[in-house]
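What follows is a set of notes on a single structure, which appears directly below.
The values are calculated or read from the model by the stated rules, or taken from the named source; none is laboratory data. None of these values were measured; they are calculated from a predicted model. Methodologically, a virtual Cβ is constructed for each residue, glycine included, from the backbone with ideal geometry; neighbour enumeration extends over all protein chains shown. With ligands, DNA and RNA removed, areas are computed over all heavy atoms of the protein, side chains included. Shrake-Rupley method; radii C 1.70, N 1.55, O 1.52, S 1.80 Å.
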Amino acid sequence: MNGRVASRQGSTPGRAELLAYGVISLAMWPVPLLNRLHVESAAVLAAATFFIAGIAALSRLRRGKPTEVLQGRLLALVLPLALMLLPMLWAPNCGWLTGLGFFVLFPVVTCVLAVGVAAALTRLGLGGRTLVGVGVCVIVAGVVYDLGLHPQFYTYNHVFGGVLGPVYDEELAIRPGLFWFRGMTLVWALWGFALAGRRPAALVVLTFVLGGLYAFSGRLGINTTYDALEHRLPGLVQTPHFDIRFDPEYLEPDALDRAVILHEHEFERIAGILGVVPATRVTSYIYPHPWARQDMTGARVTSVAPVWLARPQIHVEQGSLEQIMPHELVHAFSREFGMPVLRASPAVGLVEGLAVALEPPGPRPSEEDLSAAALAATGLDVEKALPAALSPWGFWTGRGGVSYTITGAFTRYLIRVAGTDVLQEAYRTGRLAGNYGAPVADLTAGWRASLVERTWVDADARIRSARRLGSPSLFERDCPHYLPPPLQNLSEASRAWAERDSSRALAGAERALELAPEAPEILAVWSRMRLAIGDTALVQARLAEFAADSLTIELAWLRARLLPGPEAVEELRKVADRLPRWARPERTRARLAAGGDLPVWLELRKPAYDAREAAHEAFVAGAYQAAADSALRAVAAYRRIGDLTMARHVRYLADRYRFAAVRHTELLP
């Protein structure tokens, strides 16, 4: 009789157990992104489950059978599952089915592990403190091993399940390695049960299985090794300061030459500003497309430079190399004056702020212009926004456009005030007040005053700032990570196209278009694919079904280019008028394509635009000195019309072209 009572007690959730799950679940309700059932909340629940279920199992295993104890612990998980589905009433969760999958993969699997560990500890005569110690060690050791020793931005963990990639990657990188790893977690649980049940044969078999899984962890996708990266990117070019890894099937020799010039020019430019250089050679991994980087590192849309690793390295995608690589390279320099071990700054905003501050001038309004415009147009409260962006939680949970823009503008201000030596010490310690001799509030006020006192602000910064600073963060989205079926098909089609599988890409685009025939993003991708294989008439007929003003700018441009003479001219002019003023090169290109009499603004811009285009064409052709000369003519023309943004940008290009003219024989094979 007592055995049956003990058995029932073992399979019944306890009050303390349910209370703990209730507290954890309710605590997540007010937290954006955690207040719905998905990968983030599942990871938090899994971490809690290991300790809650494990401690509950320890007190029951002395009286009940392990299978019955496990049954009770799994039954207790019904409460947090229900509590995490309930917020759907006020926090929409379009991806709740995926969330259910993560609930099974994370908390449920971890619950089995917790009972298996508890069973083994009971057999060894150990208790709750040991279980807590095991859990903490597995959490810390797993993260340190994955992120501290491997060039990856995901981590799988036996306790909390895993983090699948950087926070800015909305589309989750669900890789095969995740399932292999959680399978390994179950094997560890069985190992614990086998130890508790004194089954030596099972222990031998399970130990052999675990050894095989760990030995082949790289091939299974559980970890990313340097050997795996080099196998995926077999091309190698060594320059004075870089080992550049790339895929020769995707990166043409001429494009590789330009990449080499870009790397070395940026190295010398950044070294000249900071007065330091990386202690060892920098490895630059150039991925052929975003999905290749996702497969290897877990990061698809986020370019990253893991400063904490032993090797200085950057991971960029070749389609955005020129725009992104200089930013990431700054991180390879800043690690030289970061804090010990992590090689970053305790003030997270300074990490990205410095990288933004040292980016080369671009063709869009600068961060200072955007901040000044936002201050004037929207009343941006820099006294609140900046301190929040400097902190880890505020930076990563805030809007990316705001965090990057204001920390970049503020860091440039700090460099102007006291140079880079003081900034480097503030970067290392995270103590701005101590190094600048003034409270952060005073520094912020000084920066704010500098924005107000600017004598020239890009006229189009206000429009640009509303778009860049107004984009909501992942924590503000109703359905984070969710891709509706049409966009899922579009993503698969885009990946297939990037991998040069045109038949699979076209099939996916067709499926997406059938599900959402008027979705502009899908229609644009489908049109580009069809035009690339010569289906001009099909695209023309499809776009003709829409009124010109109902199409997006990109689709209107595609449609206009397919129309006959007079009709094309009129539509191209309309496209040029619809383009935002801050997109100056694109607007000029569209209006010139329309032909005919040029408006006054274009008459003024045309000499500068022509010289800039001539410089680019000469650079691509390898005529580096001619490219530099044309770029300098464009700089003078942009200054004459008062466009200092483009003048600064093209002046930077002229410097790179001149660098290529002087150094190309040394750098290029």
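Against the test of being modelled with pLDDT under 95, open to solvent by 10 Å² or more (accessible area, probe 1.4 Å) and either among the charged types (D, E, K, R) or more than 30 Å from Gly221 (Cα to Cα) (or both), the options Leu121, Leu79, Leu126 yield a single qualifying residue, Leu126. Ala496 meets the conditions (1) small (Gly, Ala, Ser); (2) within 19 Å of Ile406 (Cα to Cα); (3) crowded, with 19+ Cβ neighbours inside 10 Å in every case but one. The failed one is (2).
Results for (1) under 21 Å from Ile222 (Cβ atoms); (2) open to solvent by 60 Å² or more (accessible area, probe 1.4 Å); (3) at pLDDT 95 or above, shown as yes or no for each residue.
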{"position": "Val132", "(1), (2), (3)": "no, no, yes"}
{"position": "Gly142", "(1), (2), (3)": "yes, no, yes"}
{"position": "Tyr168", "(1), (2), (3)": "no, yes, no"}
{"position": "Arg175", "(1), (2), (3)": "yes, no, no"}
{"position": "Phe181", "(1), (2), (3)": "yes, no, yes"}
{"position": "Gly197", "(1), (2), (3)": "no, no, no"}
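Here the condition is being under 30 Å from Asn93 (Cα atoms), more than 29 Å from the chain's Cα centre (by Cα), loosely packed, with under 14 Cβ neighbours inside 10 Å and not acidic (Asp, Glu); of Pro517, Pro485, it holds for Pro517 alone.
For Arg561, the test of being open to solvent by 50 Å² or more (accessible area, probe 1.4 Å), at pLDDT 90 or above and assigned to a helix (DSSP H, G or I) is failed.
The helices (runs of 4 or more DSSP H) located wholly in the stretch 332-417 that include 1 or more residues which are of a type outside the set (Asp, Glu), open to solvent by 50 Å² or more (accessible area, probe 1.4 Å) and under 21 Å from Leu443 (Cβ atoms) occupy 367-377, 382-390, 392-397. Evaluation of Cys94 against the conditions (1) of a type in the set (A, V, I, L, M, F, W, C); (2) in contact with an Asp or Glu (Cβ under 8 Å, 6 or more places away or on another chain); (3) open to solvent by less than 20 Å² (accessible area, probe 1.4 Å) shows that the sole unmet condition is (3). Which condition does Val136 not pass, out of (1) of a type outside the set (Asp, Glu); (2) under 31 Å from the mean Cα position of the chain (by Cα); (3) crowded, with 19+ Cβ neighbours inside 10 Å, if it passes all the others? Every condition holds for Val136 apart from (3).
Can you find a residue in the stretch 655-664 that is more than 34 Å from the chain's Cα centre (by Cα) and either open to solvent by 20 Å² or more (accessible area, probe 1.4 Å) or within 27 Å of Ile244 (Cα to Cα) (or both)? Full working, then the answer.
Let us first name the residues in the stretch 655-664 that are more than 34 Å from the chain's Cα centre (by Cα), namely 661-662.
In the following step, the residues that additionally are either open to solvent by 20 Å² or more (accessible area, probe 1.4 Å) or within 27 Å of Ile244 (Cα to Cα) (or both) were identified as 661-662.
Checking the stretch 655-664: at least one residue is more than 34 Å from the chain's Cα centre (by Cα) and either open to solvent by 20 Å² or more (accessible area, probe 1.4 Å) or within 27 Å of Ile244 (Cα to Cα) (or both).
Which of the residues belonging to the stretch 418-442 are among the hydrophobic types (A, V, I, L, M, F, W, C), in contact (Cβ under 8 Å) with a residue 24 or more places away in the chain and surrounded by fewer than 20 Cβ atoms within 10 Å (Cβ to Cβ)? Show your work before the answer.
Restricting attention to the stretch 418-442, the residues satisfying the condition of being among the hydrophobic types (A, V, I, L, M, F, W, C) are 418, 422-423, 426, 432-433, 438, 440-441.
Add one more test, that the residue is in contact (Cβ under 8 Å) with a residue 24 or more places away in the chain, and what stays is 423, 426, 432, 440-441.
Correct list: Val440, Ala441.
Quick check on Asp146: is it open to solvent by less than 30 Å² (accessible area, probe 1.4 Å), within 21 Å of Ser473 (Cα to Cα) and within 19 Å of the chain's Cα centre (by Cα)? No: the conditions fail for Asp146.
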